[in-house]
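Heads up, the thing below is written out as structure tokens.
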Amino acid sequence: MNVQIEESWKQYLQEEFDKPYFQQLTESVRREYMAGVCYPPGKLIFNAFNLCPFNEVKVVIIGQDPYHEPGQAHGLSFSVQQGVMFPPSLQNIFKEIHDDLGTPMPTDGDLSRWARQGVLLLNATLTVRAHQANSHSTLGWQQFTDAAIRALATNRQGIVYMLWGGYARSKAYMIDKQANLVLESVHPSPLSANRGGWFGLHQFSRANSYLAQQGKEPIVW
């Protein structure tokens with residue numbers, strides 16, 4: 001199948017594109033987009049991969065599925081398009097970065113700037129029906145995104161994996177903790193973060209310290 005995705009990722013994921021489940025997934029997604037409003041826009045479904053080539057990945061942040069309200073989702077986990085109000089989880093992410101690194105609060109929630117520095121902002125499910133969270137979670141996306149995580153885990157080392165919340169943490173079994181840095185915490189949503197276990201963990205400075213030890217350029221969060 002001719003999937004429009006960045007070439008280095010295509011090299012590692014081509015096997016997935018040729019499997020029956022992915023062909024069924026493609027048909028299901030096409031039907032969903034024809035039947036009603038879905039997010040992100042079709043051309044941005046693989047945005048996380050396209051902005052962050054395979055060999056440039058330094059950090060992986062795993063989300064569950066895209067935001068499902070108008071103007072928000074653009075193919076990057078936790079990120080919203082420029083000019084859109086910060087969702088609560090993203091507010092808490094920015095607050096922790098501010099407290100951890102002393103950097104000013106950003107003026108927009110578009111995390112493309114992270115992706116271009118090597119942060120793979122990967123949702124486990126890459127599409128969603130408008131106003132219906134997790135509505136595409138049974139279409140087969142997770143088999144594909146798990147394959148992407150496995151490809152990194154098998155072929156790359158020295159990556160920071162930031163696993164926030166039970167869902168993301170369930171992916172930890174695929175990652176060699178001796179060869180990478182795995183940072184686990186509760187989800188940054190207010191429901192979880194306000195109970196403790198999100199603020200004050202210094203995940204962003206720890207990630208940068210690890211990258212520096214690996215001889216890699218730290219992320220400008």
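Across the stretch 91-112, what is the total count of residues that are part of a helix (DSSP H, G or I) and in contact (Cβ under 8 Å) with a residue 40 or more places away in the chain? Steps first, please.
From the stretch 91-112, those part of a helix (DSSP H, G or I) are 91-101, 112; that's our starting set.
The next check asks that each one be in contact (Cβ under 8 Å) with a residue 40 or more places away in the chain; those that pass are 92-93, 95-97, 99-101, 112.
Of the residues in the stretch 91-112, 9 are part of a helix (DSSP H, G or I) and in contact (Cβ under 8 Å) with a residue 40 or more places away in the chain.
Only one of these is farther than 15 Å from Leu126 by Cβ and either open to solvent by 40 Å² or more (accessible area, probe 1.4 Å) or in contact with a Phe, Trp or Tyr (Cβ under 8 Å, 6 or more places away or on another chain) (or both): Pro70, Pro41. Name it. Full working, then the answer.
Numbers: Pro41 fails: farther than 15 Å from Leu126 by Cβ.
Sole residue among the options that is farther than 15 Å from Leu126 by Cβ and either open to solvent by 40 Å² or more (accessible area, probe 1.4 Å) or in contact with a Phe, Trp or Tyr (Cβ under 8 Å, 6 or more places away or on another chain) (or both): Pro70.
Quick grid of which residues meet (1) in a loop (DSSP other than H, G, I, E, B); (2) touching a residue at least 40 places away in the same chain (Cβ under 8 Å); (3) closer than 12 Å to Glu96 by Cα:
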| position | (1), (2), (3) |
| --- | --- |
| Tyr167 | no, yes, no |
| Asp176 | yes, no, no |
| Ala179 | yes, no, no |
| Val182 | no, no, no |
| Pro188 | yes, yes, yes |
| Leu191 | no, no, no |
| Trp198 | yes, yes, yes |
| Ser205 | no, yes, yes |
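Does Gly158 satisfy the criteria of being of a type outside the set (A, V, I, L, M, F, W, C), under 17 Å from Asn55 (Cα atoms), surrounded by fewer than 17 Cβ atoms within 10 Å (Cβ to Cβ) and over 13 Å from the mean Cα position of the chain (by Cα)? Don't jump to the end; show me each part of the working.
Values: of a type outside the set (A, V, I, L, M, F, W, C): yes; under 17 Å from Asn55 (Cα atoms): yes; surrounded by fewer than 17 Cβ atoms within 10 Å (Cβ to Cβ): yes; over 13 Å from the mean Cα position of the chain (by Cα): yes.
The answer is yes for Gly158.
The values are calculated or read from the model by the stated rules, or taken from the named source; none is laboratory data. Remember, it's a predicted structure, so these values are computed and weren't measured experimentally. Neighbour counts are summed over all protein chains in view; Cβ atoms, including those assigned to glycine, are modelled from backbone coordinates with ideal geometry. What goes into the accessible areas is simple: the full protein's heavy atoms, side chains included, and nothing from ligands, DNA or RNA. Shrake-Rupley method; radii C 1.70, N 1.55, O 1.52, S 1.80 Å.
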